[in-house]
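As structure tokens, the structure follows; a few thoughts come after it.
The values are calculated or read from the model by the stated rules, or taken from the named source; none is laboratory data. Since this is a predicted model, take the numbers as computed values, not measurements. So basically every Cβ, Gly included, is an ideal-geometry build from the backbone, and we count neighbours across all protein chains shown. Ligands, DNA and RNA are excluded from the accessible area calculation, which covers all protein heavy atoms including side chains. Shrake-Rupley method; radii C 1.70, N 1.55, O 1.52, S 1.80 Å.
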Amino acid sequence: MTETFDIAIVGAGITGCAIARQLARYDLSICVVEAANDISLGASKANGGLVHAGYDPAPGTVKAQVNARGCELYGTWAQELGFLFRRTGSMVLGFNSEDRAHLEQLRCNGHVNGVPELSIVGPDRIHELEPRASADATCALWCPSTGFVDPFEVAIAALENAVANGVTFMRSAPVEAIEVANQGAEAVRFTLTTPAGDVRCRYLINAAGNGAADISHMAGAEEFQMVWRQGNIVVLDKEPRTLMPLYPVPTPVSKGVIVTGTVHGNTVITATAAIREPGDTQTYAGDVNALLTGARKLVPDLDTRRVVRAFAGGRPVIKGTNEFFIGQSTVVPGLFQAVGIQSPGVASAPAIAEHMEQVMREAGVELRERADWNPIRRAPDDFDRAPLARKEELIESDPAWGQIVCRCETVPEAEIVAAIRRHPGAVSVEGVKRRCRAGMGRCQSGFCQSRVVAIMARELDCEPSEVLLEDAGSWLVEGPLKGVR
Ligand SMILES: Cc1cc2nc3c(=O)[nH]c(=O)nc-3n(C[C@H](O)[C@H](O)[C@H](O)COP(=O)(O)OP(=O)(O)OC[C@H]3O[C@@H](n4cnc5c(N)ncnc54)[C@H](O)[C@@H]3O)c2cc1C
């Protein structure tokens with residue numbers, strides 16, 4: 001089967017989803033083509049979730065521009081799309097005069113990049129802002145605009161909103177070949193071959209993360225050489241008070257080991273940076289130790305025995321540069337590239353989308369606003385966070401709201417069902433987890449996984465043995481589950 005669209009976006013990571021949401025306001029048919037069976041299975045599922053403010057990219061770069069603007073846009077995006085975002089502010093801690101000189105440099109960079117209200121503060125103010133910050137810190141760069149999100153919640157929310165506005169989501173559709181016809185600007189120029197069917201389009205947007213160089217190559221465009229800059233991350237159990245993000249002085253390629261709270265009250269230590277084989281998502285004992293050591297330097301009383309999870313992801317880096325490549329291909333007109341979206345791709349996503357729109361407009365793509373575009377996504381009910389009166393109302397409406405399946409995160413059956421039934425809905429146990437946190441807590445799904453499998457089998461009308469943990473082939477059980485069918 002072949003379908004034809006004005007625009008095809010390859011990749012449903014945070015970049016592709018943000019671009020889809022940005023362009024959904026125009027009178028265009030758009031398809032997001034994703035290799036995996038769900039949203040956000042690439043770098044966008046394995047990162048620190050920090051909305052960095054934008055003081056460290058080199059001034060004058062595209063990265064500096066979209067980072068600072070992206071951080072600014074997050075307030076509006078969170079409001080319209082109903083995802084959790086906390087703008088807590090952050091500190092880069094310095095421990096000596098050399099660090100202080102670095103902080104001054106960062107402050108100047110930030111000023112040029114348009115980051116608001118940066119200042120250097122001393123020990124008393126450090127303690128006032130974050131009482132758990134190391135007492136050895138003699139100075140810090142205080143940045144009130146830094147925040148954090150759940151990165152997959154942002155991608156899911158953006159694509160849900162795009163789909164509600166008419167965008168098509170094609171999952172399990174790895175692009176295997178691209179044919180480019182040499183015709184006029186108005187013609188259908190690209191044919192993408194995927195196992196789920198072919199997609200024809202006038203304009204192609206490459207937001208394929210670590211697969212972006214392959215997409216560019218398939219289209220006969222720029223030959224990018226990519227590097228997989230791997231990072232390990234650890235998650236600690238919830239704390240009574242959420243920590244403000246604390247950074248060390250950065251290195252030339254990395255922001256260093258950062259300690260931060262999360263929107264759900266956990267603590268995250270993020271991230272190492274090492275060049276590894278493409279696709280390597282293993283965690284390494286050496287990396288995890290480096291994270292714990294680095295974290296204790298910033299927060300000496302951090303109880304690092306409270307780790308509940310360690311994971312790894314790969315930053316898509318263009319070899320030899322730290323810069324993002326966002327623009328129309330200079331080789332293949334009609335192909336728009338978002339390549340090398342390494343860190344801070346999460347922080348920059350709303351602005352990358354805005355920037356891409358501008359690039360397309362300048363390239364002559366006709367963007368006519370639709371009268372019926374709705375920027376608002378109604379977030380699903382979050383039982384754990386709901387006030388008591390709302391909890392009672394939900395249970396009254398359906399007793400499945402009172403059936404708690406995930407005890408660590410207080411996720412009832414009805415919330416899991418809603419995660420499966422949304423558009424686009426979850427098709428795997430991990431997809432459920434990313435949407436409503438069932439299995440995300442301290443027991444890491446030891447208690448609830450079999451119950452989630454049973455609910456999925458019922459909702460998807462399949463056998464438990466067909467239910468996937470994550471992507472194709474990741475079945476969890478061999479036979480029937482006790483008490484199910
Ligand atoms: C350890 C680590 C920590 C990080 N921490 C932060 C942070 O705190 N803050 C921050 O701002 N950034 C952070 N980043 C960077 C951030 O995660 C990335 O910049 C961002 O997620 C990139 O998103 P993306 O959508 O461009 O790529 P991805 O999320 O990788 O999405 C690309 C998508 O394209 C799909 N795809 C690939 N090839 C094909 C194909 N042939 N056909 C169809 N689909 C295809 C993939 O399946 C994937 O879903 C971190 C990254 C790492 C690895």
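Might you let me know whether region 440-458 holds any residue that is of a type in the set (Ser, Thr, Tyr) and within 13 Å of Leu41 (Cβ to Cβ)? Before the answer, list the steps.
Here is the first cut: in region 440-458, the ones of a type in the set (Ser, Thr, Tyr) are 445, 450.
Filter once more, so that each one left must be within 13 Å of Leu41 (Cβ to Cβ): none.
No, every residue in region 440-458 fails to be of a type in the set (Ser, Thr, Tyr) and within 13 Å of Leu41 (Cβ to Cβ).
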Among (1) assigned to a strand (DSSP E or B); (2) surrounded by fewer than 24 Cβ atoms within 10 Å (Cβ to Cβ); (3) hydrophobic (A, V, I, L, M, F, W, C); (4) not assigned by TED's automatic domain parsing to the domain that holds Tyr247, the one test that Trp142 misses: (4)
Scan region 221-231 and tell me whether some residue there is open to solvent by less than 20 Å² (accessible area, probe 1.4 Å), over 17 Å from Ser44 (Cα atoms), touching a residue at least 12 places away in the same chain (Cβ under 8 Å) and over 20 Å from the mean Cα position of the chain (by Cα). yes
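Yes/no per residue for (1) open to solvent by less than 20 Å² (accessible area, probe 1.4 Å); (2) under 21 Å from Gly345 (Cβ atoms); (3) within 11 Å of the ligand (Cβ to nearest atom):
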position	(1), (2), (3)
Thr267	yes, no, no
Ala274	no, yes, yes
Leu291	yes, yes, yes
Leu298	yes, no, no
Arg305	no, no, no
Arg309	no, no, no
Gly313	yes, yes, yes
Val317	yes, yes, yes
Gly320	no, yes, no
Please determine, by comparing only the residues of region 187-206 that are open to solvent by 10 Å² or more (accessible area, probe 1.4 Å), within 18 Å of Gly334 (Cα to Cα) and among the hydrophobic types (A, V, I, L, M, F, W, C), which one is nearest to the ligand (Cβ to nearest atom). Val188
Residue within region 436-451 that is among the aliphatic types (A, V, I, L, M), open to solvent by less than 10 Å² (accessible area, probe 1.4 Å) and part of a helix (DSSP H, G or I) present: no
Among the residues of region 73-93, is there at least one that is more than 23 Å from Gly261 (Cα to Cα) and open to solvent by 60 Å² or more (accessible area, probe 1.4 Å)? no
Between a first residue in region 458-480 that is touching a residue at least 24 places away in the same chain (Cβ under 8 Å) and of a type in the set (D, E, K, R) and a second residue that is open to solvent by 40 Å² or more (accessible area, probe 1.4 Å) and not in a loop (DSSP other than H, G, I, E, B), which pairs have beta carbons less than 8 Å apart while being 6 or more apart in sequence or on different chains? Glu459/Arg421
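Can you say whether Asp280 is under 23 Å from the mean Cα position of the chain (by Cα), assigned by TED's automatic domain parsing to the domain that holds Ile126 and of a type in the set (Asp, Glu), as far as the supplied structure shows? Don't jump to the end; show me each part of the working.
On the way: under 23 Å from the mean Cα position of the chain (by Cα): yes; assigned by TED's automatic domain parsing to the domain that holds Ile126: yes; of a type in the set (Asp, Glu): yes.
For Asp280, the condition - under 23 Å from the mean Cα position of the chain (by Cα), assigned by TED's automatic domain parsing to the domain that holds Ile126 and of a type in the set (Asp, Glu) - is met.
I'd like the full set of residues that are assigned to a loop (DSSP other than H, G, I, E, B), in contact with a Phe, Trp or Tyr (Cβ under 9 Å, 6 or more places away or on another chain) and open to solvent by 20 Å² or more (accessible area, probe 1.4 Å), limited to region 343-391. Break it down into steps so the answer makes sense when it comes.
Within region 343-391, the subset assigned to a loop (DSSP other than H, G, I, E, B) is 343-344, 363-368, 370-382, 386-387.
With the extra rule that they be in contact with a Phe, Trp or Tyr (Cβ under 9 Å, 6 or more places away or on another chain), the set shrinks to 363, 365-368, 370, 373, 377, 379, 381.
Scanning region 343-391 gives Ala363, Glu366, Leu367, Arg368, Arg370, Trp373, Arg377, Ala379, Asp381.
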